[in-house]
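Quick notes on the structure that follows.
The values are calculated or read from the model by the stated rules, or taken from the named source; none is laboratory data. Only a predicted model underlies this, so the values are computations on that prediction, with no experimental measurement involved. As a convention, Cβ positions derive from the backbone with ideal geometry for all residues, glycine included, and neighbour counts pool all protein chains shown.
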Amino acid sequence: MTKWYRLYGRVQGVGFRHFTYRQAMALGITGYVKNRSDGSVEVLAQSESEGALEDFQQRLKTGPSFARVDDITISEQEANRHYGDFVIE
């Protein structure tokens, strides 16, 4: 299963990508996290476990201590690539 997340708020310059990486690694999620030019953060998450993705989503909504997530958009669709690891782009 693959989910895309787009997070808006104070999500750049506050360690959000490294936070996301640590959460993904802890939950066995593969994919990537990257900053977008509009100030948002994009995350692609892949896992066979729906529970792991739900837990990951809740952690993203909270973010690291200096972040503030004002909005999150989520979409589910087939990925054209299967990631074997989680990377910061």
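Observations on the model:
- None of Ser49, Ser37, Ser75 is closer than 23 Å to Val14 by Cα and among the polar types (S, T, N, Q) except Ser37.
- Matching residues, the stretch 23-39, being over 19 Å from Ser65 (Cβ atoms), buried (at least 20 other Cβ atoms within 10 Å of the Cβ) and among the hydrophobic types (A, V, I, L, M, F, W, C): Ile29
- Pairs, first in contact (Cβ under 8 Å) with a residue 60 or more places away in the chain and surrounded by fewer than 16 Cβ atoms within 10 Å (Cβ to Cβ) in the stretch 60-74, second of a type in the set (S, T, N, Q) and assigned to a helix (DSSP H, G or I), C-beta under 9 Å, six or more apart: Ile74/Gln57
- Scanning the stretch 75-89 for residues that are of a type in the set (Gly, Ala, Ser) and either touching an Asp or Glu at 6+ places or on another chain (Cβ under 6 Å) or surrounded by fewer than 10 Cβ atoms within 10 Å (Cβ to Cβ) (or both) yields Ser75, Gly84.
- Subset of the stretch 40-57 that is in a helix (DSSP H, G or I) and either hydrophobic (A, V, I, L, M, F, W, C) or more than 10 Å from the chain's Cα centre (by Cα) (or both) - its residue that is surrounded by the most Cβ atoms within 10 Å (Cβ to Cβ): Phe56
- Of the residues in the stretch 13-25, at least one is at pLDDT 95 or above, among the β-branched types (Val, Ile, Thr) and more than 11 Å from the chain's Cα centre (by Cα).
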